[in-house]
1. Name the residues in the range 57-79 that are open to solvent by less than 20 Å² (accessible area, probe 1.4 Å), over 20 Å from GLN154 (Cβ atoms) and of a type outside the set (A, V, I, L, M), would you?
2. Spot the failing condition for LEU144; the list is (1) crowded, with 18+ Cβ neighbours inside 10 Å; (2) farther than 20 Å from THR51 by Cβ; (3) out of contact with any Gly (no Cβ under 9 Å at 6 or more places or on another chain), and only one is missed.
3. For the structure I just gave you, tell me whether ASN140 is closer than 24 Å to THR209 by Cα, more than 18 Å from the chain's Cα centre (by Cα) and not hydroxyl-bearing (Ser, Thr, Tyr).
4. So, in the range 193-220, exactly how many residues are over 24 Å from ILE115 (Cβ atoms), open to solvent by 10 Å² or more (accessible area, probe 1.4 Å) and among the β-branched types (Val, Ile, Thr)?
5. Would you point out which residue out of GLY128, GLY148, GLY117, GLY169 is free of Cβ contacts under 8 Å to residues at least 24 places away in the same chain and out of contact with any helix residue (DSSP H, G or I) (no Cβ under 9 Å at 6 or more places or on another chain)?
6. Identify all residues within the range 249-270 that are surrounded by 15 or more Cβ atoms within 10 Å (Cβ to Cβ) and among the hydroxyl-bearing types (Ser, Thr, Tyr); write none if there are none.
7. Going through the range 281-300 one residue at a time, which ones are open to solvent by less than 10 Å² (accessible area, probe 1.4 Å) and closer than 13 Å to CYS237 by Cα?
8. Does VAL234 fit the bill of being of a type in the set (Val, Ile, Thr), without any contact (Cβ under 8 Å) to a residue 40 or more places away in the chain, open to solvent by 30 Å² or more (accessible area, probe 1.4 Å) and touching a Lys or Arg at 6+ places or on another chain (Cβ under 9 Å)?
Amino acid sequence: MLLKIYFIGLIYFLPLSLSCSVKRKPKHRHHANEVIDCDKTYRSDESRNGTFESPFYPRQYPRGTRCTYKFVGEKEEQVQIIFLQFDLHYPHGALDSKETPDCRDVDTVVPSYYINGKLTEIDHGFCGNRNPPSVMSNDNWMQLVFKGDRTNEQAKGFRALYRFVRHFGITNGLPLSTEQCTIEMRSGVNSNGTIMAPNFPGLYPRTSTCNYLFYGKPGEVVRISFLYFDVEGVYPCSDDTQSDYVEFSNFRIRDRKFQRYCGRNKPTEVISDGVFFRLTFQTNDVYDATGFEAYYQFRTPHDPMMPDQRDRSQAAIPEFLPCLVLTSLVGWLLRSALN
């Protein structure tokens with residue numbers, strides 16, 4: 001009887017005792033000083049867009065992290081990076097919405113691409129806990145280097161979107177396939193719309209030239225009104241001032257009737273002389289800014305909505321005539337009083 005009870009107990013309790021004695025494998029928790037391999041390369045022939053992130057995001061990244069993310073597109077493509085979340089260790093306190101962070105000797109993400117054959121860092125890197133502006137290369141290659149030296153438990157790292165684009169990502173208008181950044185706006189397709197600098201409202205790419213060509217119907221002109229303007233430079237926006245600029249022309253070559261615009265010299269509204277008009281946006285290899293946004297509209301010169309346009313078929317009263325009549329009347333009264 002005792003032997004029978006022994007075997008019954010062995011059958012029921014042995015598996016339970018074995019399960020209790022098995023140690024579960026602990027979840028991985030990285031050490032703050034853990035060294036990891038996080039270098040990655042993304043190619044457009046494998047995926048034209050996707051996301052990438054700092055190690056262990058959204059958890060703390062290891063102290064001493066060094067990650068290089070490379071992006072390689074096809075010949076006519078550019079690389080665009082849009083930051084979705086950004087939270088790096090920043091020892092200088094919280095930042096307000098308008099404050100520019102000091103990114104010296106702190107954790108940073110540094111974008112760079114080749115300019116005139118030299119690998120050049122853009123905007124000296126990004127830091128802090130506020131989403132940086134998007135960035136775009138001027139050709140088919142870009143890299144980002146993440147340096148995490150002074151992490152803490154609150155620093156989550158970053159997450160970003162990458163895209164390989166053509167024609168600098170400009171979608172308004174009709175891009176010319178034969179040129180990298182030439183966009184046509186035709187009145188027969190859209191009588192009005194908006195145009196923007198490449199990568200707006202992020203940082204526009206350096207050493208790039210974009211032409212916006214406007215083609216009106218017979219008898220039309222185009223009016224361009226600027227809603228936003230942030231182009232680095234110093235008046236007169238010439239090459240020797242190392243200025244980026246916006247330039248207008250009634251021809252395919254430079255039209256000296258129009259000045260260049262940059263910096264504090266901002267255009268408000270510009271009207272063409274005829275059916276064709278060209279806006280050129282030129283950037284150099286020195287400065288970064290966010291570019292411009294403008295509204296265009298094709299109209300006839302006699303359209304009542306057009307400013308400073310008068311119907312020359314009707315007799316118009318000169319603006320100076322009332323003043324001339326009043327002056328003559330005052331003079332006659334004075335002469336009469338003296339006599």
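The values are calculated or read from the model by the stated rules, or taken from the named source; none is laboratory data. Fair warning: this is a prediction, and the values are worked out from it, not measured in the lab. Here Cβ is always computed from backbone atoms with ideal geometry, including for glycine, and neighbour counts include all displayed protein chains. Ligands, DNA and RNA are excluded from the accessible area calculation, which covers all protein heavy atoms including side chains. Shrake-Rupley method; radii C 1.70, N 1.55, O 1.52, S 1.80 Å.
1. TYR69, PHE71, GLY73, GLU77, GLN78
2. Against the list (1) crowded, with 18+ Cβ neighbours inside 10 Å; (2) farther than 20 Å from THR51 by Cβ; (3) out of contact with any Gly (no Cβ under 9 Å at 6 or more places or on another chain), LEU144 comes up short only on (2).
3. It is false that ASN140 is closer than 24 Å to THR209 by Cα, more than 18 Å from the chain's Cα centre (by Cα) and not hydroxyl-bearing (Ser, Thr, Tyr).
4. Summing the residues that are over 24 Å from ILE115 (Cβ atoms), open to solvent by 10 Å² or more (accessible area, probe 1.4 Å) and among the β-branched types (Val, Ile, Thr) in the range 193-220 gives 1.
5. When all the criteria are applied, what remains is GLY117.
6. SER249, TYR261
7. Correct list: PHE281, THR283.
8. So VAL234 passes the test.
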